[in-house]
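What follows is a single structure, written as structure tokens, with notes after it.
Values in this text are rule-based calculations from the coordinates and carry no lab data. All values derive from a computational prediction rather than experimental measurement. All Cβ positions, even for glycine, are placed from backbone atoms using ideal geometry, and neighbour counts span all protein chains on display.
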Amino acid sequence: MKSVLSLVITLAMLAVCLTPAIAEASFTPGTYSATVPGNNGNVTVSVTVTEDAITDVTIGENNETMHIMNEVQAAIPQAILDSQSLAVDALSGATITSRAVLSAAAKCIEQAGGDTAALSEKPAVEPTEEVIDTDVVVVGAGIAGLTAASKLLSEGVSVVLIEQLDIIGGTTRFAGGSMFGTLDPEATSDWLLERYGVSGRRTGEKYPNMEKLERMVEVMPDTFDFYRSLGFNLDYEKPEEINRVVVRDDSIGDVLQEGGYIWAKSLVDAYESRGGKLLLGTKATALRQADGAIVGVDAETKTGTLTINAKYTIMATGSAVGSRELMAEFCPTKADGEIYQSSVGSTGEGIAMLLDLGAVPFEDWDAGLGLPCTFPVYARSNRDYLSPFANDGALFVGYDGVREAKEWTGKLFTGAYQIVGKPDAFFTILDAPTAEKLGLTEALADGLSWNTTHFFQADTLEALAEAAGFDTETFLATVEEYNGYCEAGEDLAFGKDADKLSAISEAPFYAVKNELAHLDVVGGVQTSNDFEVITESGETVPGIYAVGNVTGRDLMGNAGGSAFSVAAYTSLTACESILSKRN
């Protein structure tokens, strides 16, 4: 089965194909190892050389995110071997891990006596210009784009799928990996409509549009039939909860840890094994127009420009969370320094192109609820970022040192905390016995050893307040009041359960900052029921569709939970529209 990783390797090689021959190099034969910091810890690489050649590059022990390292593992070592060079580009979308491997490899070459400067030189490459003709071009290789491309290919339509990053999956990689819906067409839909419809609403909000949501729920069994036609092993995430469907593939990863990545990898393998054309490192820059219709895209590649002429274009580029301009305009309350667990490719260019075309934006974008995170860098690379310090056995305070709510774990607390208008962070306050009781002593020591922006320790409460930035008098009053509740065994302020009350009284004292990492942003542009792009005149633009998080605001009450299902539904509905117009 042809893998997407082979294309990643090709792309990584484009920048090094003209590197000077290794025959000019000179090494002391042997195997050398080096360890450098990566994204989630140290990365070890071993390089074996002869007198004039690099013969092996092996990535050893590391703590990098599995689905990121998988791409780097397949691409970077092979690129070094094929080019006999260190002049290999990092994979966009896996930049930190790629650079760690390249840095460690360079240290190995240096140990072997090689000239790392010469081996890192990149010669000038003659720019290329290419033209491709196809029926449909799909822009973006997250779950929405991959689903659309796979569906069209399965119906005999010529399709080209492009992705600006060097890796597939987009924000899909960081998602939980469950689609809401039932595999049984006869099963009740009441649970789905309640969970993702009524319960998904915030007070006074109009989303999701229940009529559209009901239609999506109705056709989800057909959606699952399509995925099974690709060979997917679909099952329920939990047998007792028969409305959350996952794809199981133990050869790719644990569905509870790598669920989103399993969907993306399964889709791209199915697409490529059937001859699908995927171009990574290819960024759409403009929509091509002729006679009032969209007829393809212009794009930039690593070596030049690409013109794709297509009868239909599907925009599946994800949200605009990475665009300061669009976020400031449409989601201003969540646009200033917020943490998002979304793809670095969610930069909004697709949405911006549609707005330039005259598309009508949803004006009330939503960032959804955040989840507590003590290591913000993890939120951009790893699903396992939730803070163990968001523990309801501790004391929570805000930036001002004031207790704002009952200490709960999970979305209920963080959601309530944001609803009352507080900053998107809170602090966990612990003393030594409480930390030990909650099993957090070792995690505290680890955090204090390197994360000085989120972990604070002091021998007095006054010193802790100064270190964490609280108003000392306010913080001391908060702790005194809380300790009184603990002594009395009754929380008179917020009703916390007595068995969760632990006084903050014995040094050392700790404060841990928990920033709220949002899953993504729901917004984008308005579309017809077939997901054709609508302009301000109320008419659709021929030849252009928007799917996934480029649209879908009216199908989601907030970001998260239903995003996979929306991506699948919008994509397959758009494909059915295209297929009907071709017949």
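For G169, the residues whose amide H sits under 5 Å from its own are A141, G142, ignoring neighbours fewer than 5 places away on the same chain, with H placed 1.01 Å from N.
The modelled label-to-label distance for the pair A117/E194, using points 7 Å beyond Cα in the direction of Cβ, is 7.1 nm. Got a sec? Which residues in the stretch 243-260 would a label at Y236 touch, if it sits 7 Å along Cα→Cβ and we count backbone N under 15 Å? Zone members listed by number: 243-247.
Here the simple spin-label model places points 7 Å from the Cα toward Cβ, and for A507 and D250 these points are separated by 5.3 nm. Of all DSSP-defined beta bridges confined to the chain, some 70% are antiparallel rather than parallel.
Over the chain, DSSP H runs of length four or greater, each weighted -39,500 (n - 2.57), average out per residue to a 222 nm ellipticity of -10000 deg cm²/dmol.
Database remark: amide H of D89 closer than 5 angstrom to the amide H of A15 (H placed geometrically; neighbours at sequence offset of 5 or more, or on other chains; Pro and chain starts carry no H). Note on R582 and V131: the extension gain reaches 160.1 nm, defined as 0.36 nm multiplied by sequence separation minus the Cα-Cα distance. With neighbours defined as other Cβ atoms within 10 Å of a residue's Cβ, the residues Y482, Y510 order from fewest to most as Y482, Y510. Computed from backbone phi with θ = phi - 60° and the Karplus coefficients 6.51, -1.76 and 1.60, the 3J(HN,Hα) list for the stretch 166-171 is 8, 10, 8, x, x, 5 Hz; x is used for glycine and proline. The simple Förster model, with R0 at 41 Å and r as the Cβ-Cβ distance, assigns T453 and L357 a FRET efficiency of 0.45.
With each label modelled as a point 7 angstrom along the Cα→C-beta vector, the A463-A124 pair spans 6.2 nm. Would you kindly state how much longer the chain becomes between T540 and E214 on full extension, computed as 0.36 nm times their sequence separation minus their alpha carbon distance, in nm to one decimal? Using 0.36 nm per residue and subtracting the Cα-Cα distance, I get 115.0 nm. What the Cβ-Cβ distance of L476 and A328 gives, at R0 = 35 Å and to the nearest 0.05, is a FRET efficiency of 0.35. If you take the beta carbon distance between R274 and M66 as r and set R0 to 25 Å, what does 1/(1 + (r/R0)^6) give as a FRET efficiency, to the nearest 0.05? The value I calculate is 0.45.
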